[in-house]
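Scroll down for the structure; my scribbles are underneath it.
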Amino acid sequence: MAQFISDGLSLAYDAFGPRDAKKSIVLVHGFSANRYENWKRMGWYDAIAAKGLCGLALDTRGHGESAKPHDPAQYDREAMARDIFALLDHVGVERAHLLGFSMGSHIALTAALTDAGRIDHLVVAGVGARIFDPPREEGAMAEAMEAASPDSIADPMLRSFRHFADEQKEDRLALAACSRGARLPLTPDSLAAIRRPTLVVAGARDQLAGPPQGLADAIPGAKAVTLPGCDHFSCIGHPLFKASVFDFFDGWLE
């Protein structure tokens, strides 16, 4: 396991693919997941290496093999975005493609708003028009992580996240703190400032994300892809997701 230090925290990452590649890509996983579950197990490491890219996948704060503080102040999304650039500094890469999924997409969008000059192409997946909706219930995700048993969680979506966190043996108190972290407001007006080639991907049945076009419309020149038959959780392993990302990088996606 490789590690780097960002903001005083030790964060785990993997590097894969050719070290002398001309292009690099950073992968940022979703909430309650980790670099192995979202990316390696789903075939992204092999696919990225086969395309001749240098891949970097980190465990974000509170997840996987990275530091797991229980203080919500440690999970400010701008700080989590800076972790991406700290990783690039650590490996000596100036610019890279950036691919996020779900929570990772929120972090990636925040990164694009704070230091877009270091991002080549931006891909955000598992997000869509509903990113602009107010939270369904403030603090509900944190409370689901703190619940004594998942059986006590009434909301099926929250219960599924809790079951997933338990399956991954994640630190639930760290996840609760992460879900309470401060977030940079993502609005159509603020996202209009992004001037990077951007792709938005979501499943046709993703009730969390909503239609990807609704988010793409807020980012100048952004493209949208809807994955047929996919919900939020099945999207990440879909072959069309990988194909769309690589077509986007190669300039073939219309």
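No value in this document is a laboratory result; all are computed from the given coordinates. As the structure is a prediction and not an experimental result, all values here were calculated from the model. Cβ coordinates were reconstructed from backbone atoms using ideal geometry, including for glycine residues, and neighbour counts include every protein chain displayed.
Dipole magnitude for the chain: computed about the Cα centre from +1 point charges on Lys and Arg Cβ and -1 point charges on Asp and Glu Cβ, it is near 540 debye. Working note: Cα gyration tensor of segment 137-213, eigenvalues times five, square-rooted, sorted largest first, giving semi-axes of 29, 16, 12 Å. Once the Cα-Cα distance is subtracted from the 0.36 nm per residue extended length, the GLN213 to ASP155 segment shows a gain of 18.2 nm.
Rounded to the nearest 5, what is the percent of antiparallel bridges among the DSSP beta bridges in the chain?
Given both bridge residues lie in the chain, the antiparallel proportion sits at roughly 30 percent.
Largest first and in whole Å, the equivalent-ellipsoid semi-axes of segment 6-152 read 26, 16, 16, each the square root of five times a Cα gyration tensor eigenvalue. In this structure the amide hydrogen of ALA2, modeled in the peptide plane, comes within under 5 Å of the amide hydrogens of TYR13, none closer than 5 places in sequence on its chain. Taking amide hydrogens as placed 1.01 Å from N in the peptide plane, the amide H of LEU9 sits under 5 Å from that of no residue at least 5 positions away in sequence or on another chain. Evaluated over the chain, the count of Lys pairs having alpha-carbon atoms less than 27 Å apart is 17 (only pairs 8 or more residues apart or interchain).
A straight chain from ALA73 to ARG205 at 0.36 nm per residue would run longer than the Cα-Cα distance by 44.2 nm. Annotation for ALA2 and ALA140: the two label points, set 7 Å from Cα along the Cα-Cβ direction, are 3.9 nm apart.
Could you calculate the contour length gain from HIS163 to ARG130, that is, 0.36 nm times the residue separation minus the distance between their Cα atoms, to one decimal place in nm?
Taking HIS163 through ARG130 to full extension adds about 9.5 nm, to one decimal.
Amide H to amide H distances under 5 Å link SER66 with ALA12, where only residues 5 or more positions off or on other chains count and H is placed in the peptide plane. Backbone geometry of segment 25-36 corresponds, through the Karplus equation with coefficients 6.51, -1.76 and 1.60 at θ = phi - 60°, to 3J(HN,Hα) couplings of 9, 10, 10, 10, 6, x, 4, 6, 9, 6, 5, 5 Hz, x marking Gly and Pro.
Placing unit charges on each Cβ (+1 for Lys and Arg, -1 for Asp and Glu) gives the chain a dipole about its Cα centre, and among TYR75, ALA49, SER149 the Cα reaching farthest toward its positive end belongs to ALA49. Spacing of the modelled spin labels on VAL91 and THR187, each 7 Å from Cα toward Cβ, amounts to 3.6 nm.
Under the rule a/c < 1.5 gives rounded, and otherwise a/b versus b/c splits prolate from oblate, where does segment 58-143 land using the Cα gyration tensor? It comes out oblate by the Cα gyration axes. Which percent, to the nearest 5, of DSSP beta bridges fully inside segment 1-125 are antiparallel? Looking only at bridges with both residues in segment 1-125, the antiparallel portion is about 40 percent.
Helical runs assigned H by DSSP (4 residues or longer) give the chain a calculated mean residue ellipticity at 222 nm of -9500 deg cm²/dmol, each run adding -39500 (n - 2.57) before division by the residue total.
For a test of the definition: using alpha carbon positions, the gyration tensor, and the 1.5 limit on a/c, classify segment 21-93 as rounded, prolate or oblate. Since a/c reaches 1.5 but b/c is at least a/b, the shape of segment 21-93 is classed as oblate. Only the Cβ atoms of Lys and Arg (+1) and of Asp and Glu (-1) were treated as charged; on that basis the dipole of segment 56-117 about its Cα centre amounts to roughly 120 debye.
Each listed q (0.09, 0.14, 0.15 Å⁻¹) maps to a log10 I(q)/I(0) for the chain from the Debye sum over equal C-alpha point scatterers, namely -0.35, -0.90, -1.05. Percent of C-alpha pairs per 5 Å bin in segment 73-116, short distances first: 6, 23, 33, 26, 10, 2. For the chain, the list of Cys residues with no other Cys C-beta under 4.7 Å reads CYS54, CYS178. Packing, taken as the mean count of other beta carbons within 10 Å per residue, orders the peptides 236-245, 146-155, 2-11 from highest to lowest as 236-245, 2-11, 146-155.
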